[in-house]
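Q: Quick one: structure below, then a few questions.
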Amino acid sequence: MGDVRTVKKIKNKEIRKDFVSWFEIPALDFYQAVEFYQNIFGITMQQNVSGINATAFFPTTSGIGGAVVAGPGYVPSDSGALIYLNGGDNLSLVLDKVINAGGRIVMPKTLISEESGHFAVFIDSQGNKLALHSNN
């Protein structure tokens, strides 16, 4: 699962490079969810469907990976932890596709600060609340 990160110990405290190593976005309608993410990001997700479980992987060559998953125990939600997905150079390019792909925008593109960039929050086609982040 995901990328294994080196943990450093400084004065008996662990310092991690990243605190997220993998993410899973739950889906009830697996194929609709995969189509949603393929559409808004302009990607093709490798799918693994076996028995009652299904997984579609976000393509990545380095960094943190994740997947859309369906099966027992995977229930979409608009409450709980909020995952920020990489919006690329300008998150508007992704956010502008959310509504046509079956989602809705909860918070439009908003400036955090000049140093930290922008973010936006949306509900995907399955009812999950997620966010996008970009420097521009």
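Nothing in this text is a laboratory measurement; each read-out follows from the coordinates by a stated rule. The structure presented is a predicted model; accordingly, all values stated were derived computationally and were not measured. Using ideal geometry, Cβ is built from the backbone for each residue, glycine included, and neighbour counts are taken over all protein chains shown.
Q: Given the structure, is A131 in contact with a Leu (Cβ under 6 Å, 6 or more places away or on another chain) and either of a type in the set (D, E, K, R) or under 19 Å from E24 (Cβ atoms) (or both)? Break it down into steps so the answer makes sense when it comes.
A: On the way: in contact with a Leu (Cβ under 6 Å, 6 or more places away or on another chain): yes; either of a type in the set (D, E, K, R) or under 19 Å from E24 (Cβ atoms) (or both): yes.
Criteria met by A131.
Q: Which of the residues spanning segment 23-38 are of a type in the set (D, E, K, R) and in contact with a strand residue (DSSP E or B) (Cβ under 7 Å, 6 or more places away or on another chain)? Before you say what the answer is, go through the steps one by one.
A: Step one: filter segment 23-38 for residues of a type in the set (D, E, K, R), giving 24, 29, 35.
The answer is E24, and nothing else.
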